[in-house]
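Right, one structure below, let's go through it.
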Amino acid sequence: MAGRRPIGALENEILGVLWNSDRPMTPSDVLAGLNGELAYTTVMTVLGRLWNKGLVERVRVGRAFAYTSAISEADLSADRMRAALDRSSDSLATMSHFVASLDPATQEQLRALLKKRSK
Amino acid sequence: MSWQLAIPLLIVTLAVVAAWFAPHIVGPVLALWVLVSSMVLATLASMVLLLQIAAAGLSEVPFIADVLGWCRAIYGGQHGATPLVGVVAVITLAAMAWRTRSYAREVRLSRDNFTEVEGITIVDVERPVAFAVPGNPGGVVISRSMLDALDKVERRVVLAHENAHLRYHHHAFVHTANSCAAAIPVLTPFARKAVFLTERWADETAAEKVGSRSAVASAIAKVALLPTNQAPLFAQALSGGDVITRYEALESPKRVPRRTTILAAVSTVAIAISATLLQFHQLIDFASHPR
């Protein structure tokens, strides 16, 4: 059912692998982390793109580069997008959010639930 | 037109109602398929029935009957519906089409803000946002405030969750369901449930990716409770309650559906398909044998 994954999804998968590791990873390490689902060259290309965006740092290890994630260095996106995000939730109404904004009552309800669980 | 002509639509409606309960007996993936496909079938069946009413009513107008080469109606309602009822059916169909188009435009406008998203895009906004932007290349937008608030595992959860939306084309399910709800407003709660099921699906995918369902649950709770994630009361998020349901679903043991329940869910769709075909058959039947 997965089918071919969209190009945009590759960066996320590869960054997910880097986030999972404590040490710098070479492209072949990343490839192993992906269970070999991608071609080596694809991994290289995507890592290069992540590096251009400042989402990863790299150090030379022998003949290859090893990559680590570097969120704090990342380029922030264009103003246009930020404006869309700031404007209102309307411009985001048709997007799938990780967690929607909650009203105070629901937050309270969730807090109570967490407290009950931790007991 | 006798009310019996609406029996197929009635059956499809029952299937949609049954699909509402699918999430209680099968996993989110199958439940979403069952729900969205029965919504589509209900929309189709309604349109076919309206077309038939429109055809019956309008064919009683002498001029139209002559053009179609059908016999003229001697008394109002002889073909099954009076011309007035036919006009109402035409207006209803037009309204359905118009509302569906407006929804499509709204989606396009919303997406136009994010055409430059490719892969991961980090934005500097105070709200902890993370969402998937479908399309090709498509990608994920995450706010730095979200990443800063999360630890490593939680970040992976967010990424895996959004990636599941992209990878399994969840936007296609959501937009199909919303289009049906735009055409038939009573389906709106069903569309909301479809959105909820894509979230559940993505949660379970993320749980597999990080190897822990409770890690996903706690990431959801953490983001939900960030002070910056509070919506003002007037903009009460519809999915507010959904967050709690998602949390509870992940904290309770994973349900493994039995074969009989899977069969029941699939048969619901099969019955709805047959009923829709029957509704369509009635329209063809009417068009070829005008009474």
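The values are calculated or read from the model by the stated rules, or taken from the named source; none is laboratory data. This is a predicted model, so every value here is computed, not measured. Every residue, glycine among them, receives a Cβ derived from its backbone with ideal geometry; neighbour counts consider all protein chains shown. Surface accessibility is based on the protein's heavy atoms, side chains included, excluding ligands, DNA and RNA. Shrake-Rupley method; radii C 1.70, N 1.55, O 1.52, S 1.80 Å.
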Checklist line | Segment B:R192-B:D112, length gained on full extension (0.36 nm per residue, minus Cα span) | finding: 26.5 nm
Note to self: Taking 22 Å as R0, compute the FRET efficiency from the Cβ-Cβ separation of A:S118 and B:E248 and round it to 0.05.
What the structure shows: 0.90
Margin query: Calculate the FRET efficiency for A:W51 and B:A94 from the Cβ-Cβ distance with a Förster distance of 56 Å, rounded to the nearest 0.05.
Written below: 0.55
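Could you run the numbers on buried accessible area between A and B, total for both chains, 1.4 angstrom probe, in Å² to the nearest 100?
Between A and B, the summed buried area is about 6100 Å².
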Notebook entry, point to check: Summing -39500 (n - 2.57) over the DSSP H runs of n ≥ 4 in chain B and dividing by its residue number, what mean residue ellipticity at 222 nm do you reach, to the nearest 500 deg cm²/dmol?
Noted result: -23000 deg cm²/dmol
Item checked: For the protein assembly as shown, accessible area per residue (1.4 Å probe, heavy atoms of protein chains only), Å² -> 48
Checklist line | Net +/- balance of residues flanking B:F196 in space, Cβ distance below 14 Å, scoring K and R +1, D and E -1 | finding: -1
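Figure the gain on full extension for B:I262 and B:N136 (residue separation times 0.36 nm, minus the Cα-Cα span) and round it to one decimal in nm.
Separation in residues times 0.36 nm, less the Cα-Cα distance, equals 42.0 nm.
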Next item on the list: Mean Kyte-Doolittle of at least -0.5 plus a Cα span of 27 Å or more along the axis: flag which DSSP H helices in chain B meet both, please.
Entry: B:28-58, B:83-112, B:188-210, B:259-288
Notebook entry, point to check: Percent antiparallel among DSSP beta bridges with both residues in chain B, to the nearest 5?
Noted result: 40
Check: In what sequence, largest accessible area first, do B:D148, B:D124, A:D103 appear using a 1.4 Å probe?
Finding: B:D148, B:D124, A:D103
Check: Where the only charges are on Cβ atoms (+1 Lys, Arg; -1 Asp, Glu), what is the dipole of chain B about its Cα centre, to the nearest 20 debye?
Finding: 440
Checklist line | Total lysine pairs under 28 Å (Cα atoms) in the protein assembly as shown, excluding pairs fewer than 8 apart on one chain | finding: 25
Next item on the list: Between A:R82 and B:S274, with labels modelled 7 Å along Cα→Cβ, what's the label distance in nm to one decimal, could you check?
Entry: 6.0
Notebook entry, point to check: How would you rank B:192-204, B:3-15, highest first, on the average number of other Cβ atoms within 10 Å across their residues?
Noted result: B:192-204, B:3-15
